[in-house]
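Bear in mind these aren't lab numbers, they're just calculated from the coordinates by the rules spelled out. Just so we're clear, the structure is a prediction, and the values are computed from it rather than from any experiment. Neighbour counts are summed over all protein chains in view; Cβ atoms, including those assigned to glycine, are modelled from backbone coordinates with ideal geometry.
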Amino acid sequence: MQSCHVAFAGNPNAGKTTLFNNVTGSRQHVGNYPGITVERKEGRLIHQETELNIVDLPGCYSLTAYTQEELVARQVLVEERPELVVNVVDATKLERHLYLTIQFMELGAPILLALNMMDDVRNKGMSIDLKKLAKGMGCPVVGTVARSGEGKPELLDRIIEAAEDQSTWQPLQISYGPDIDPVLETLITAIEQHQFLTQRYPSRWLAIKYLEDDEQIIEQGRKENPSIADELNSIVENLRDHCAKTLNSFPEAIIADYRYGFIHSLLKRGIVTYPEDVERMD
Ligand code: GDP
Ligand code: MG
């Protein structure tokens with residue numbers, strides 16, 4: 001029988017565990033990640049003659065190296081390379097939750113968006129155009145209500161479909177504007193030229209992590225090749241000075257602003273409709 005490794009991931013309180021329990025039932029196993037207190041929850045099921053091995057990742061808001069949960073999430077994605085990441089999001093809070101989605105995509109993870117809490121969406125009188133969202137994000141989207149099991153059959157079908165057909169993935173690449181983009185390109189060129197950490201991570205993601213001053217990546221970089229690490233650090237320092245002097249800002253903040261800007265302009269294009277929008281159209 002074919003088998004497939006799938007990770008459930010997303011912000012805390014998106015309904016990941018509820019969906020995970022609903023999908024895997026009692027076929028679960030709880031352990032720990034080595035050396036830390038974060039729980040590792042795994043479960044499995046068989047659907048369409050494929051065994052799905054699912055890991056429920058700890059909830060996180062970002063993929064920086066600030067918390068154990070974030071580090072575990074990205075470590076699983078990088079080292080275990082699940083065939084599919086089911087990114088469970090609270091559909092009533094798309095603007096906030098897609099921030100993490102963008103980071104999964106930049107890490108090169110194949111994503112299926114499970115838009116959970118669709119009951120709350122309806123109760124609030126909102127509506128979401130799933131097809132338009134799928135097109136805008138470049139990944140499949142399924143609506144679910146984890147509590148009731150609504151959307152589960154479609155979700156399982158789409159998981160199999162998406163995991164089998166990796167060719168349709170379009171990695172998302174968003175612009176970080178005129179101050180950051182050219183520096184990103186310079187970093188990427190240096191990273192690729194020296195194949196610096198590229199066995200494990202996509203080069204663009206590494207470049208972004210350098211700009212975000214990511215402790216874990218910078219530490220790994222120093223061990224891998226100190227002279228390249230110095231070269232990258234000095235490029236980043238120059239940008240830092242430039243941002244401070246001319247924008248009164250810093251790269252991490254600008255990167256976050258552009259991510260939210262991307263999401264905001266995407267959602268504005270008729271993807272989410274609020275009750276007040278409908279009244280206005282009448
Ligand atoms: P996690 O932190 O992502 O694992 O989220 P949980 O599965 O613990 O769910 C957080 C809360 O949302 C719980 O109170 C769930 O009962 C509730 N919840 C989960 N899915 C749904 C849903 O589809 N609709 C509604 N209304 N509530 C949900
Ligand atoms: Mg949970």
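Where in segment 225-282 are there trypsin sites (Lys or Arg not before Pro) that are in a DSSP coil and have at most 12 other Cβ atoms within 10 angstrom of their Cβ?
Working: sites: Arg240, Lys245, Arg259, Lys268, Arg269, Arg280; in loops: Arg269.
When the trypsin sites (Lys or Arg not before Pro) of segment 225-282 are filtered for loop state and at most 12 Cβ neighbours within 10 Å, Arg269 remain.
Could you give the dipole magnitude of segment 180-273 about its Cα centre, charging the beta-carbon of Lys and Arg +1 and that of Asp and Glu -1, in debye to the nearest 20?
Values: 10 positive and 15 negative charges, 96 e Å.
The dipole of segment 180-273 has a size of about 460 debye.
May I ask you to list the trypsin sites (Lys or Arg not before Pro) in segment 107-190 that are in a DSSP loop and have at most 14 other Cβ atoms within 10 Å of their Cβ? Numbers along the way, then the final one.
Numbers: sites: Arg122, Lys124, Lys131, Lys132, Lys135, Arg147, Arg158; in loops: Lys124, Arg147.
Those that pass, being in a loop and sparsely packed, are Lys124, Arg147.
Karplus couplings for segment 56-71 from phi (6.51 cos²θ - 1.76 cosθ + 1.60, θ = phi - 60°), rounded to Hz, Gly and Pro as x?
8, 6, x, x, 8, 9, 7, 10, 7, 9, 7, 10, 4, 4, 5, 5
Placing +1 at every Lys and Arg Cβ and -1 at every Asp and Glu Cβ, with all other atoms neutral, what dipole size does the chain have around its Cα centre, in debye to the nearest 20?
In total the dipole reaches around 540 debye.
Taking R0 as 25 Å, what's the FRET efficiency between Gln75 and Arg27 from their Cβ-Cβ distance, rounded to 0.05?
Values: r = 24 Å, r/R0 = 0.97.
Between Gln75 and Arg27 the formula returns 0.55.
Specify the inter-centroid distance of segment 97-120 and segment 45-82, based on alpha-carbon positions, in whole Å.
So the two Cα centres are separated by 13 Å.
Kindly provide the GluC sites (Glu not before Pro) of segment 30-87 that DSSP labels as loop, not H, G, I, E or B, and whose Cβ sees at most 14 other Cβ atoms within 10 Å.
Details: sites: Glu39, Glu42, Glu49, Glu51, Glu69, Glu70, Glu79, Glu80, Glu83; in loops: Glu49, Glu80, Glu83.
Passing sites in segment 30-87 are Glu49, Glu80.
Could you put Met117, Met126, Met137 in order, starting from the residue whose Cβ has the fewest other Cβ atoms within 10 Å? Present the calculation step by step, with values, prior to reporting the outcome.
Numbers: Met117 24, Met126 18, Met137 21.
Going from sparsest to densest Cβ surroundings: Met126, Met137, Met117.
Of the residues Asp214, Asp165, Asp56, which exhibits the maximal mean-square fluctuation in a Gaussian network model of the chain defined by a 10 Å Cα contact cut-off?
Asp165
Using a Förster radius of 45 Å, what is the FRET efficiency between Ser3 and Thr186 based on their Cβ-Cβ separation? Nearest 0.05, please.
On the way: r = 42 Å, r/R0 = 0.93.
With a Förster radius of 45 Å, E is 0.60.
Using +1 at the Cβ of each Lys and Arg and -1 at the Cβ of each Asp and Glu in segment 148-282, identify which of Ile217, Tyr274, Leu155 lies farthest towards the dipole's positive end.
Ile217
Lysine pairs, Cα distance under 15 Å, 8 or more residues apart or cross-chain: how many in the chain? Intermediate results must be reported in sequence, preceding the final value.
On the way: Lys16/Lys41; Lys16/Lys93; Lys16/Lys152; Lys93/Lys124; Lys93/Lys268; Lys131/Lys268; Lys132/Lys268; Lys135/Lys268.
Number of lysine pairs found: 8.
Taking 41 Å as R0, compute the FRET efficiency from the Cβ-Cβ separation of Arg147 and Asp213 and round it to 0.05.
It comes out at approximately 0.55.
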